[in-house]
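All remarks here apply to the structure that follows.
The values are calculated or read from the model by the stated rules, or taken from the named source; none is laboratory data. Since this is a predicted model, take the numbers as computed values, not measurements. Backbone-built Cβ (ideal geometry, glycine too); neighbour counts: all protein chains shown.
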Ligand SMILES: [Zn+2]
């Protein structure tokens, strides 16, 4: 294992932070898989999972089983980890700018087509060679757009480590949740073995959530580039100059914020190791039997986000993982002054995959998320 350190831009004299990455295998030999933990710095299950995975990969390295490259970033957000306000860790938004750490990643498909640097001019008939050219173009585009703030340099460094990977897994969690995965439809088939191994109870598909999240930018660049080149050069050009789906990526929600323990981390790291074997990154039996997928993939736009109709004490009637039907009471909000309560009901048929961890709600707060097969939401699909 090779450890690398990446200094971030110092926001003020006398302060400095850096990212660390762990590298296994030989760059350029075999498929590359990139995993990072805790980009939202208060979401810690992935951080422990990567500790377990590191041990597994070190053992695989000793045993000569590495057939590809694996990059782990065990602590993806040192800025957020250092933000504490009145004893609470504030890891989702950068306090200086108010920006979500998992939004605003660059539009790489645009950057690689800038005037004088248009990657379309370099494409040929070989899809794999085109993938290599596009990955080089992404690195060059990042070089042309140097960061100017500490937050930008965090995003820029993470992009630089991940943009040439075949598979990218960004490990997050929700407040209280079962395992669920966000991904673009282009990634569904390739990441299905991972969803099965992790026991995902929701696989949420969206092409462009509007958030420019880390994972969707990295898988999105490939199909966006294909569409963009078809528009500028014609549909026939992308047939004779094929652009493959060079990256499968996902935001993997490893349950809830307090689901951090060695038993779960061992289980999840085992599932990831099995997936690495399936990908051919590790040698071994790629036909290890996987459990059946516990859910049917569903559109993220089909998820119902249940909002509190009033403020009060929350009494949940359903737990993460529960199957919910239209009309089911998911939560009861009790007004402690009047004793009156209001039921919050589902009107979809799906799985409650996440709920809040607070038990007091203000009016309009998001209480729970339920998967659903029918599109019901338009516009931006994720919160700020
Ligand atoms: Zn997150």
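For the range 56-69, the set of residues classified as surrounded by fewer than 24 Cβ atoms within 10 Å (Cβ to Cβ) and either in contact (Cβ under 8 Å) with a residue 24 or more places away in the chain or in a loop (DSSP other than H, G, I, E, B) (or both) consists of 56, 58, 60, 61, 63, 64, 65, 66, 67, 68, 69, listed by residue number.
Condition check ((1) more than 17 Å from residue 34 (Cα to Cα); (2) surrounded by fewer than 22 Cβ atoms within 10 Å (Cβ to Cβ)) across all residues:
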site: 128; (1), (2): yes, yes
site: 133; (1), (2): yes, yes
site: 137; (1), (2): yes, no
site: 142; (1), (2): yes, yes
site: 148; (1), (2): yes, yes
site: 151; (1), (2): yes, yes
site: 159; (1), (2): no, yes
site: 162; (1), (2): no, no
site: 169; (1), (2): no, no
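So which residues in the range 81-95 are under 19 Å from the mean Cα position of the chain (by Cα) and assigned to a strand (DSSP E or B)? Residue satisfying the conditions is 93 alone. With a requirement of 2 or more residues that are within 21 Å of residue 54 (Cα to Cα), the helices (runs of 4 or more DSSP H) lying completely within the range 161-272 that satisfy it span 188-198.
Here residue 136 does not fit the description of being within 16 Å of the ligand (Cβ to nearest atom) and either touching a residue at least 12 places away in the same chain (Cβ under 8 Å) or farther than 22 Å from residue 8 by Cβ (or both). Only one entry of 197, 234 meets the criterion of being at pLDDT 95 or above and either surrounded by 19 or more Cβ atoms within 10 Å (Cβ to Cβ) or within 16 Å of the ligand (Cβ to nearest atom) (or both), and that entry is 197.
How about the range 27-47: which of its residues are away from the ligand (no atom under 11 Å from the Cβ) and under 15 Å from the mean Cα position of the chain (by Cα)? Of everything in the range 27-47, those that are away from the ligand (no atom under 11 Å from the Cβ) and under 15 Å from the mean Cα position of the chain (by Cα) turn out to be 33, 34, 35, 36, 47. Here residue 101 does not fit the description of being touching a strand residue (DSSP E or B) at 6+ places or on another chain (Cβ under 6 Å) and modelled with pLDDT of 95 or more.
Here's the yes/no breakdown for (1) touching a helix residue (DSSP H, G or I) at 6+ places or on another chain (Cβ under 8 Å); (2) surrounded by 17 or more Cβ atoms within 10 Å (Cβ to Cβ); (3) in contact (Cβ under 8 Å) with a residue 60 or more places away in the chain; (4) part of a loop (DSSP other than H, G, I, E, B):
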position: 71; (1), (2), (3), (4): yes, yes, yes, no
position: 79; (1), (2), (3), (4): yes, yes, yes, no
position: 97; (1), (2), (3), (4): yes, no, no, yes
position: 106; (1), (2), (3), (4): yes, yes, yes, yes
position: 117; (1), (2), (3), (4): yes, no, no, yes
position: 121; (1), (2), (3), (4): no, no, no, no
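Being assigned to a loop (DSSP other than H, G, I, E, B), touching a strand residue (DSSP E or B) at 6+ places or on another chain (Cβ under 9 Å), in contact (Cβ under 8 Å) with a residue 24 or more places away in the chain and at negative phi holds for only one residue in 330, 351, 375, 344, and it is 375.
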